[in-house]
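Below is one structure, written out as structure tokens; comments come after it.
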Amino acid sequence: MDEALRGGTGTYQKLENGVLVPSPELFLRVARALNFSDHHLRIAHLDLFKTDPVLPAGPASPHWQRWADGQTEMAYVRSAAGHVITANDAFRRMFPSGRSPANITEWALLSDEAREDVLQNWERDWAPYLLADLRLACARHPDDPVLRKLRDAVQSDPHTRHIEDAPTGIGDEERRLHHAEHGVVAVRVLASHTSEVTAVTLLCERG
């Protein structure tokens with residue numbers, strides 16, 4: 001067991017006896033060695049560190065499309081790296097093309113369509129908060145190649161490299177966007193996170 005943990009002779013015995021309090025990294029090695037389920041790993045991590053563990057994203061449930069289609073508001077589901085897994089028609093109709101982008105994070109931060117047309121007051125009301133969300137995603141998933149590529153792109157892009165992160169990510173504050181069918185509308189962004197995906201609803205406040 002000590003060899004599996006790469007912690008030196010007697011490491012596991014010290015953990016069992018309560019002599020050694022593990023770091024989060026050592027705890028995850030123990031959990032993997034003992035084949036903890038994700039559910040029990042979360043319970044133990046919360047008990048030890050009072051936080052949820054950051055786990056590799058698994059496959060998204062095939063039932064998210066049913067969830068999206070059941071929403072009357074604009075709704076979509078994305079991966080940690082911003083890939084749009086599924087979306088409802090209300091969300092797709094927001095875009096001039098009638099199609100949602102492949103990666104919503106890349107679109108929102110780096111496309112001219114988002115910056116100059118769809119996301120109103122982009123530099124003030126959207127970009128700082130989107131950048132804060134991207135920084136958090138990169139911290140949670142430092143080995144994700146898509147997130148690393150997005151981080152490098154915003155650091156070199158002339159529109160984003162001078163913008164400072166907001167103190168928090170996108171929340172439910174009222175923001176404005178230009179809807180392809182309805183013109184400028186006010187929306188509130190509500191997001192619900194699981195270990196696999198983030199489900200996002202855009203509540204339309206008024207036409």
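The values are calculated or read from the model by the stated rules, or taken from the named source; none is laboratory data. Because the structure is predicted, anything quoted here is derived from the model rather than measured. With ideal geometry, Cβ positions are generated from the backbone for all residues, glycine too; neighbour counts draw on all protein chains shown. Surface accessibility is based on the protein's heavy atoms, side chains included, excluding ligands, DNA and RNA. Shrake-Rupley method; radii C 1.70, N 1.55, O 1.52, S 1.80 Å.
At-a-glance table
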item: Criterion: open to solvent by 40 Å² or more (accessible area, probe 1.4 Å) and under 26 Å from I163 (Cβ atoms) - qualifying residue of L46, L130, L136, L109; result: L136
item: Pick from the range 177-207, criterion touching a Leu at 6+ places or on another chain (Cβ under 9 Å) and of a type in the set (S, T, N, Q), ranking: surrounded by the most Cβ atoms within 10 Å (Cβ to Cβ); result: T201
item: E73 being of a type outside the set (A, V, I, L, M, F, W, C), open to solvent by less than 70 Å² (accessible area, probe 1.4 Å) and either out of contact with any Asp or Glu (no Cβ under 9 Å at 6 or more places or on another chain) or modelled with pLDDT under 95 (or both); result: yes
item: Selected residue (only one of R124, R99, R115 is open to solvent by 60 Å² or more (accessible area, probe 1.4 Å) and over 25 Å from E196 (Cα atoms)); result: R124
item: Where a residue in the range 155-167 is surrounded by 10 or more Cβ atoms within 10 Å (Cβ to Cβ) and its partner, wherever it lies, is among the β-branched types (V, I, T), with Cβ under 6 Å and at least six apart; result: T160/V154
